[in-house]
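This report refers to the structure that appears directly beneath it.
What follows draws every value from the coordinates through simple rules; no lab data is involved. All values reported here derive from a predicted model rather than from experimental measurement. Note: ideal-geometry Cβ built from the backbone for every residue, glycine included; neighbour counts use all protein chains shown.
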Amino acid sequence: MRIIADDKIPFLRGRMESVADVSYVSPDAITREMVKNADALIVRTRTRCGAELLQGSSVGLVATATIGMDHIDLGWCRDNGIAVRNAARCNAPGVAQYVWSVLLRNGFDPRKDTLGVVGYGNIGSIVADWGNRLGCRVLVCDPPRKRAGYSDVRYLSLSQVLNEADAVTFHTPLTRDCEDATFHLVGRRELDMLKRGAIVINAARGEVVDNAAWKLHLKEGKTKAIIDTWEWEPNIDLELMRLATVATPHIAGYSLEGKQRATRMAIEAVEEYFGVECDKSGLEGAYSGGDGISMERICASYNPFVDTDNLRRTPDDFEGLRGRYDYRREP
Ligand SMILES: O=C(O)[C@H](O)[C@H](O)COP(=O)(O)O
């Protein structure tokens with residue numbers, strides 16, 4: 001078996017070599033020629049997987065060591081018999097740590113203020129759960145779940161959440177051309193619905209918030225922006241970066257445990273698809289928890305201003321900052 005793996009996926013080397021010939025390759029060097037005779041690809045968000053890369057190849061499995069799958073043309077893969085697996089939930093606690101850490105360090109008081117969570121999937125539900133544990137009033141918006149009849153929480157409309165919340169955090173996947181498409185879900189009209197002084201967090205995908213509209217809105221000084229995911233990464237809008245209160249290089253989910261879970265899930269996808277067994281020893285298992293979460297523990301575990309300073313100092317090194325990131329521990 002031949003596997004091509006992104007060389008920036010940590011904790012992966014040496015674990016599949018007993019069953020496969022594995023090549024670790026920089027994402028920009030993963031080409032059509034290279035994958036032609038491969039059986040599986042293990043990628044991150046930096047490899048676009050669709051016809052351009054995979055047409056005519058022998059790849060049967062694409063495993064992405066990420067939650068997001070917008071870099072994968074799911075329809076094309078399905079139509080061409082290529083199985084796709086992601087690492088659902090892997091870094092959800094890391095993102096919750098990021099969100100709550102930036103909120104608490106920016107004057108948000110969970111005992112008095114209201115948090116809006118848009119997208120109640122793997123990540124949004126954990127962010128909301130930590131909010132409940134901290135005594136916060138949490139408003140949730142997730143139109144697909146509402147339509148599907150879920151009654152686990154009260155689902156509100158986006159405008160209700162934008163109007164009422166003191167902070168709004170987005171945890172939707174990036175989707176286009178479909179019902180509930182999230183591309184530019186938030187533009188000028190939606191930003192104008194926010195309360196004065198509200199905090200807006202985008203740690204989902206850059207394109208969920210229209211960055212040009214966000215920049216114009218921020219210039220009026222009425223709200224605060226916390227931006228981890230950007231349109232046009234890695235070539236981010238430098239003016240928007242300066243206007244943001246917290247600006248980080250798409251590292252919200254970069255916890256040590258989250259990266260280990262992602263690697264474990266990618267290996268499990270290979271094991272299941274090819275009926276083999278690999279070495280998963282020492283890799284973090286599924287997240288089960290929130291017990292003992294407190295404001296003190298969250299604040300002590302992560303300071304987003306360090307990452308903000310680093311990005312402001314070297315914005316052109318967006319990918320380098322991610323590649324060399326010192327993974328933090330979850331609280
Ligand atoms: O989709 C995800 O899992 C996250 O956006 C993740 O943090 C991206 O990770 P990367 O592609 O840099 O490994």
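Can you tell me which of G135, G206, G116 moves the most in a GNM of the chain? Springs connect C-alpha atoms under 10 Å apart.
Comparing G135, G206, G116 in the GNM, the peak value goes to G135.
Rounded to the nearest Å, what's the spacing between the alpha carbon centres of segment 87-103 and segment 130-206? Just the number, please.
When both Cα centres are located, 16 Å separates them.
Take E220, project a point 7 Å from its Cα along the Cβ direction, then tell me which residues of segment 129-172 have their backbone nitrogen under 20 Å from it.
Counting backbone N atoms under 20 Å from the label point, the list is 158-169.
Please list the non-local residues whose amide H lies under 5 Å from the amide H of S255, H modeled 1.01 Å from N, same-chain partners needing a gap of 5 or more.
Answer set, sorted by chain and number: none.
Would you grab the residues whose amide H sits under 5 Å from the one on A167? Only those 5+ places off in sequence or on another chain, please, with H modelled 1.01 Å from N.
Amide H neighbours of A167: T114, G116, I199.
Once phi is turned into ³J(HN,Hα) by the Karplus curve 6.51 cos²θ - 1.76 cosθ + 1.60 with θ = phi - 60°, what whole-Hz value does each residue of segment 282-290 show in order, with x for glycine and proline?
Each residue of segment 282-290 in turn: x, 8, 3, x, 4, 7, 9, x, x Hz.
Compute the distance from the alpha-carbon center of segment 278-331 to that of segment 230-249, in whole Å.
Rounded to whole Å, the Cα centres lie 19 Å apart.
Packing-wise, with mean Cβ within 10 Å as the measure, how do 121-131, 103-113 rank, highest first?
121-131, 103-113
Which value in nm describes the separation of the simple spin-label points at D21 and S58, placed 7 Å from the Cα toward the beta carbon?
0.9
If I model a spin label as a point 7 Å beyond the Cα along the Cα-Cβ vector, how far apart are those points for L256 and R13 in nm?
1.9
If each residue's Cβ is checked for other Cβ atoms within 10 Å, how do Y273, Y120, Y150 rank with the fewest at the top? The partial results should precede the final answer.
Values: Y273 15, Y120 24, Y150 12.
Going from least to most buried by this count: Y150, Y273, Y120.
How much length is gained if the chain between D152 and W232 is pulled fully straight, taking 0.36 nm per residue apart and subtracting their Cα-Cα distance, in nm to one decimal?
Numbers: separation 80, 0.36 × 80 = 28.80 nm, distance 3.54 nm.
Roughly 25.3 nm would be gained on extension.
Please list, in order along segment 233-250, the HN-Hα scalar couplings obtained from phi with the Karplus expression 6.51 cos²θ - 1.76 cosθ + 1.60 (θ = phi - 60°), rounded to whole Hz, x for Gly and Pro.
For segment 233-250, the Karplus-derived couplings read 3, x, 8, 7, 6, 5, 5, 4, 4, 6, 6, 6, 6, 10, 9, 10, x, 6 Hz, x marking Gly and Pro.
Using the Karplus equation 6.51 cos²θ - 1.76 cosθ + 1.60 (θ = phi - 60°), what ³J(HN,Hα) coupling, rounded to whole Hz, does each residue of segment 39-53 give in order, writing x for Gly and Pro?
Each residue of segment 39-53 in turn: 9, 8, 10, 10, 10, 10, 5, 8, 10, 7, 10, x, 3, 4, 8 Hz.
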